1. Given axes a ≥ b ≥ c from the Cα gyration tensor, I'd like to know whether the range 103-182 is rounded (a/c under 1.5), prolate (a/b larger than b/c) or oblate.
2. Output wanted: per-residue J couplings in Hz (rounded whole) for the range 74-85, from phi through Karplus 6.51 cos²θ - 1.76 cosθ + 1.60, θ = phi - 60°, x for Gly and Pro.
3. Along the range 90-99, what does the Karplus equation 6.51 cos²θ - 1.76 cosθ + 1.60 (θ = phi - 60°) give for ³J(HN,Hα), rounded to whole Hz, x for Gly and Pro?
4. Could you quote the convex hull projected area for the range 151-259, Cα atoms only and averaged over all directions, in nm²?
5. Ordered by residue, what ³J(HN,Hα) values in Hz, to whole numbers, does the range 143-156 give under the Karplus form 6.51 cos²θ - 1.76 cosθ + 1.60, where θ = phi - 60° and Gly and Pro are x?
6. Could you please state, rounded to a whole Å, how far the C-alpha centre of the range 130-187 is from the C-alpha centre of the range 55-98?
7. When ligands, DNA and RNA are left out and all protein chains stay put, how many square angstrom of accessible area per residue does the range 141-259 have with a 1.4 Å probe?
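The values are calculated or read from the model by the stated rules, or taken from the named source; none is laboratory data. Treat the numbers as computed from the prediction; the structure is a model and nothing was measured. Please note that ligands, DNA and RNA were not included when accessible areas were found on the heavy atoms of the full protein model with its side chains. Shrake-Rupley method; radii C 1.70, N 1.55, O 1.52, S 1.80 Å.
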Amino acid sequence: MTDTPPETKPATATVASWFSKPNIAIALGVVAVMLAGAPYVVPGIQSIQVRQGLTNQPKILEDTIKKLDEVKAAEKQKAADIAIKANHEALYDDARDPVMGNPNGPITIVEFLDYNCAYCKLSTPQVEQLLAENKDVRVVVKEYPIIADSSRALASYALATKDSGRYAEVHHAFMASKFTTEAEVAQALTKLGFDAQDIAAKAKSEAVQDHINAVEKLGTQLEINGTPTFIVGGVVVNGADMNGLKAAIEAQRAKLAIK
């Protein structure tokens, strides 16, 4: 008779073995990996959910963009209010600036413009009509040559005619024309009855150039990046927005009536 080895039973895991040091180390490693990936995985899932939500309900996006635009506009107007108050005298009371409309009008429109600006050309007859219909309004013109190399020369020629009392006539003629050379400008001035050589000399004068430099500095301080830009009672109206300009005039008129 031979001896037979005792029957062995398969080992079974015990609760204690689950918490062995190797298993704990592995578990902690897995958790660490999950936590490390969470900042990338979770936002990715959230991003997909947000995109799906915006696709299904686009009005949410429209409302958000509208609100963002309103916030930006309010912030820009607030900054403009501060800059306008700080530069009030230079903005409204610079005797070198041409004035159109009623020179003593209680309502003032300040217009930054450039003779190479298509929207300025578009708005010029509309502003002229507005002045004809509103006898209590004056326009203080800020020659702001920022669009093309020829803009400064055109602004200089226009300003050189200010003392003649016929600036508005020259202004409208320049806005209605597209000059490619200074010879064409001289021809236009001659046609209007000016001594073109005399105007050219005044245009190049230190006084006129200093004036333009001052306007450019003012525009920079007010963060004016385009033309036409209108300012009425502290309200900034950008572009050829005649409805916005008329609304600003009415608001200023009401404000003055309350006072």
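1. Working: a/c = 1.97, a/b = 1.63, b/c = 1.21.
It is prolate, given that a/c is not under 1.5 and a/b is the larger ratio.
2. 5, 5, 5, 5, 5, 5, 5, 4, 5, 5, 5, 5
3. Using θ = phi - 60°, the values come out as 5, 7, 9, 10, 7, 5, 6, 6, x, 10 Hz.
4. On the way: hull surface 34.0 nm².
In nm², the orientation-averaged hull projection of the range 151-259 is 8.5.
5. 5, 10, x, 10, 8, 9, 4, 7, 4, 5, 4, 5, 4, 5
6. Taking the Cα centre of each part, the range 130-187 and the range 55-98 sit 27 Å apart.
7. Working: 6070 Å² over 119 residues.
Averaged over the residues of the range 141-259, the accessible area is 51 Å².
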